[in-house]
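A short worksheet on the structure shown next.
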Amino acid sequence: MKIALIGYGRMGKTIEKIALQRGHSITEIIDIKDKSKINQDLKNLCDIAIDFSNPKACKENIIACLENGISVVSGTTGWEFTESEFIELTNKTSTAFFYASNFSIGMNIFMEINKKLANLLNDFQDYEVKIEETHHIHKLDKPSGTAISLAKDILKNNSKYLNWELLPKQDKHSFEIEAFREDEVFGDHKVIWKNNIDNIEISHSAFNRLGFGTGAVLAAEFISGKTGYFTMKNLLNL
């Protein structure tokens, strides 16, 4: 498979290494100043694009790829979109878009456990929940996209809360996300449920970027030849 990389930071370089190990080729590297390269000529150079770019530019880049007939895998966080717009666009252009706030297989299993725990505690409203996340000092968004995904899943599966807020919270119907930026931490997430009797905590720690990079390449392999909008649920049959 011929891959175009959009964004060539730490994750882009990791994806390049893994893709080459899995027998793919990197035929184009598009960095922040090269967005004009996303055109019909790019379609002739690659089978798919993998985007780990800037949250301010990624949506424009992804749409440009899809409109030019190039399927995209993206792990860029810190930007907003609705699934319906990409379902419509991929169907219109006969392309595929795969999005994940976190490509780690372990993290996606952790997310399923988070949903189950929130649901189990729905009948025990004395428990208060909090999310803590820690990432390296270079991360642009705060809280992390993964923390936001965990928070949204709690809201869907537990009726106690109406929203989440970055620490300190102001609304009694919200719960807190506390975000730390330290050293070169790859990604630590904790979900903590606590009352005056006990404490329930689930956590996930990434030791390196290999899990994220491997997941992104597996996603690219998964959507090859497909049309539509996909997530890690589709890849992992969750």
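For a quick check of your reading of the filter: which trypsin sites (Lys or Arg not before Pro) in segment 1-105 sit in a DSSP loop and have no more than 13 other Cβ atoms within 10 Å?
Those that pass, being in a loop and sparsely packed, are R22, K33, K56.
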(request) When you have a sec, figure out the Kirkwood radius of segment 105-205 from all distinct Cα pair distances and drop it here in Å to one decimal? (result) 13.7 Å
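Dividing the convex hull volume of the Cα atoms of the chain by its residue count, what figure in Å³ per residue is obtained?
Normalising the Cα hull of the chain by residue number yields 124 Å³.
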(request) Can you spot the lysines whose alpha carbon is less than 27 Å from K37's alpha carbon? Ignore those fewer than 8 places along the same chain. (result) K2, K13, K17, K56, K59, K92, K139, K226
(request) Only loop residues by DSSP count here, and only those with at most 16 other Cβ atoms within 10 Å; note down the GluC sites (Glu not before Pro) in segment 5-104 that meet that. (result) E80
(request) Fewest Cβ neighbours within 10 Å first, please rank D198, D31 accordingly. (result) D198, D31
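Please label the shape of segment 1-111 as rounded, prolate or oblate, based on the square roots a ≥ b ≥ c of the eigenvalues of the alpha-carbon gyration tensor (a/c under 1.5 means rounded; beyond that, a/b larger than b/c means prolate, else oblate).
Since a/c stays below 1.5, the shape of segment 1-111 is classed as rounded.
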(message) With the cut-off at 22 Å, tell me which of the pairs K115/K190; K116/K152; K160/K233 have Cα atoms farther apart than that.
(response) K160/K233
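Please find the FRET efficiency linking Q40 to K17, where r is the Cβ-Cβ separation and R0 is fixed at 35 Å, and quote it to the nearest 0.05.
0.75
Tell me which trypsin sites (Lys or Arg not before Pro) from segment 152-205 have a DSSP coil assignment and no more than 10 other beta carbons within 10 Å of their own.
K172
The numbers here are math on the coordinates, done by the rules we state, and not lab data. What you see is a predicted model; the values in this text were computed from it and never measured. Using ideal geometry, Cβ is built from the backbone for each residue, glycine included, and neighbour counts are taken over all protein chains shown.
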